[in-house]
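Novice: After the structure tokens below, expect a handful of questions from me.
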Amino acid sequence: QDGPQRKKRKSEVGEVDKQLDILAIGTAVGSILLYSTVKGELQSKLDGGHDSRVNCVRWHQDSCCLYSCSDDKHIVEWNTQTCKVKCKWKGDNSSVTCLCISPDGKMLLSAGRTIKLWDLETKEVYRHFTGHATSVSSLMFTTVKPMNESKSFDGVTGLYFLSGAMHDRLLSVWYIRSDRKEKNAVMSFTVTDEPTFVDLTVSEVKEEPVKLAVVCRDGQLHLFEHILNGYCKKPLTSNCTVQIATPGNDEDSTPKPVPILAAAFCTDKQSLLLVYGNTLQPIIEKVSLNTSESHICLVRDIQKVLSLRTDAALTKVKTPVVNLDTKVLVPGIPGHSTAVKTPASGKEKKKTKRKPGETEESIEERLGALDIDVSKVKTPGGLPQTDSFAVLLVQGLESNDAEILNKVLNTRKENLVKNTVARMPIHAVIPLLHELTKRLQGNPYSASLMVRWLKSVFTLHASYLSTLPDLIPQLGMLYQLMESRVKTLQKLSRLHGRLFILVTQVAASQTVEDIPEVNQTAKLVYEDDSSEEEGSDDEMIADKDSDENWDEDEEKEEQTVEKEINGDSDLEPENESEEE
């Protein structure tokens with residue numbers, strides 16, 4: 001930004017130091033934020049590279065170069081000094097979820113489900129690997145140098161790298177060969193649950209084992225130690241499993257597990273940094289573990305360390321002292337008021353258990369249990385108002401009650417539909433869309449009613465729906481349904497046009513037949529004197545014409561007689577006698 005105005009240029013070393021404190025953060029909308037940890041403020045924003053959610057960001061060894069991948073299937077190379085896209089190319093047929101740069105900085109690993117090794121100079125695929133059945137979540141090199149040191153080293157051939165995927169309990173290790181024959185994993189590590197955080201110590205010497213720390217979704221930490229020396233068929237189990245629990249000395253005697261959120265090796269490659277507890281206020285602790293034991297349980301009293309006491313506020317519910325005139329609004333439905341009921345004595349409490357002879361509670365009684373005044377809800381016509389429609393709709397969606405949903409969704413009043421959709425809580429929008437999609441696949445009559453609801457949902461809740469990152473997969477069925485319906489629209493409109501013409505023609509012909517015939521004879525004829533004179537003149541002209549025609553006929557007959565005398569008759573010999 002201040003390039004042309006600045007006269008002094010800092011040295012390159014200073015610029016590198018300046019870059020070290022920058023944190024790159026990918027966002028769900030496709031932009032990347034560069035945050036300065038020293039200044040504590042946003043330094044710049046990288047825009048125009050991705051159209052969808054950014055899944056992974058990786059700094060290159062050259063500090064002003066940054067790589068990112070996204071759900072839009074592309075990989076982008078950024079220049080962080082100019083904040084512009086240096087290069088952009090398609091990384092996969094589906095979303096690219098993870099990146100890793102090779103130790104020499106000349107190659108790039110990218111993964112969606114399959115794993116590809118790219119040459120960063122030509123941006124071409126150097127090697128393909130089979131990958132995982134689900135999206136890859138972690139990708140990292142485990143060795144810096146090849147184990148076979150006799151061969152010449154080109155930067156990547158002979159190196160191992162590790163990958164983990166979502167909902168996959170196996171971490172796979174891959175070997176980059178000089179040929180393209182083998183594409184499968186050479187070994188794998190098995191853990192108890194899906195890996196959420198992976199860290200390892202890079203092996204720099206042939207005999208040095210790779211140490212691996214894997215934190216799983218169940219809150220356990222698994223430690224592995226293995227020398228990478230070729231193919232291993234059987235999955236390797238962890239050398240040591242670490243868990244954290246509370247002491248259980250106070251009120252509750254049973255210890256409770258404390259989830260481990262992340263773990264990382266320190267520079268000495270022996271001690272570990274553990275992150276555990278609450279995600280809002282995590283505890284970070286440096287520990288040295290004896291990995292000879294197969295299972296280690298660390299006892300930590302996190303209640304004393306944490307200042308947040310959320311459980312006390314959640315469990316002890318206090319009933320507020322309220323005036324009888326006060327109206328209390330039910331959350332989620334604006335404008336809905338309900339009378340506050342004082343807690344009843346023990347005798348007046350209703351038993352919730354139903355006896356064998358009793359019938360099920362009606363909707364009116366259920367509304368009464370929800371503290372809704374049913375007399376106010378019902379209109380003279382018997383239909384509930386908008387407030388109760390919103391309550392009933394949410395209740396029907398949560399309980400999946402077909403009777404309630406039919407009562408609400410089969411309404412034909414446009415205003416009632418709009419007001420109900422406007423007053424329903426945000427969390428019920430997606431379940432309502434799923435229910436409408438189901439009903440659209442039914443008979444055409446119900447589909448015509450559901451379209452009114454769809455229109456109201458999309459117009460009133462468009463801003464909320466546009467914020468959902470997984471909107472397209474959630475509404476995939478609806479999109480396909482609408483496309484299939486729209487495809488037949490052109491043919492139907494043509495058929496409609498032809499039938500309309502036919503029907504109008506038939507109707508027109510029937511109306512013509514129904515009209516009575518009009519008598520065309522004149523009732524009165526008037527003759528003028530001048531018409532007689534005109535008539536005599538006409539007769540004279542007609543006589544004159546006939547005389548001229550007579551003369552012409554005589555001349556024609558004379559010519560035919562002359563021809564016959566000279567033997568130039570036009571008739572054939574056979575027909576002459578007939579003519580005579």
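Novice: On a full-extension model of 0.36 nm per residue, what is the gain between residue 471 and residue 192, subtracting their alpha-carbon distance, rounded to one decimal in nm?
Specialist: Going from the current span to full extension adds 97.3 nm.
Novice: Tell me, what is the FRET efficiency for residue 364 and residue 89 to the nearest 0.05, using R0 = 45 angstrom and their Cβ-Cβ distance as r?
Specialist: The calculated FRET efficiency here is 0.10.
Novice: Alpha carbons only, please: Rg and Dmax for the range 112-254, in angstrom.
Specialist: 17.6, 66
Novice: Points 7 angstrom from Cα along the Cβ direction at residue 298 and residue 414: gap in nanometres?
Specialist: Placing both labels 7 Å beyond Cα along the Cβ direction yields 6.5 nm.
Novice: Using the basic label-point model (7 angstrom from Cα toward the beta carbon), what is the residue 399 to residue 52 distance in nanometres?
Specialist: 4.0 nm
Novice: Would you work out if the range 153-212 is rounded, prolate or oblate? Take a ≥ b ≥ c from the square roots of the eigenvalues of the alpha-carbon gyration tensor; rounded if a/c is under 1.5, else prolate when a/b is larger than b/c, oblate otherwise.
Specialist: oblate
Novice: Mind checking which of 464, 443, 396 is farthest towards the positive end of the range 387-468's charge dipole, using Cβ charges of +1 (Lys, Arg) and -1 (Asp, Glu) about the Cα centre?
Specialist: Among 464, 443, 396, the one farthest towards the positive end of the dipole of the range 387-468 is 443.
Novice: If you don't mind, another one. With a point put 7 Å past each Cα toward its Cβ, work out how far residue 492 is from residue 37 in nm, to one decimal.
Specialist: It is 6.0 nm.
Novice: Rounded, prolate or oblate: which fits the range 387-468 when a ≥ b ≥ c are the square roots of the eigenvalues of the alpha-carbon gyration tensor, with rounded for a/c under 1.5 and prolate only if a/b beats b/c?
Specialist: The shape class here is rounded.
Novice: Over 32 Å between Cα atoms, which of 86/234; 39/86; 183/206; 145/181; 84/286; 45/123 qualify?
Specialist: Violating the 32 Å Cα-Cα cut-off are 86/234; 84/286.
Novice: Of the peptides 489-495, 238-244, 414-420, how do they stack up when ordered by the mean number of other Cβ atoms within 10 Å, highest first?
Specialist: 238-244, 414-420, 489-495
Values in this text are rule-based calculations from the coordinates and carry no lab data. All values derive from a computational prediction rather than experimental measurement. We place every Cβ from the backbone using ideal geometry, glycine too, and count neighbours over all the protein chains shown.
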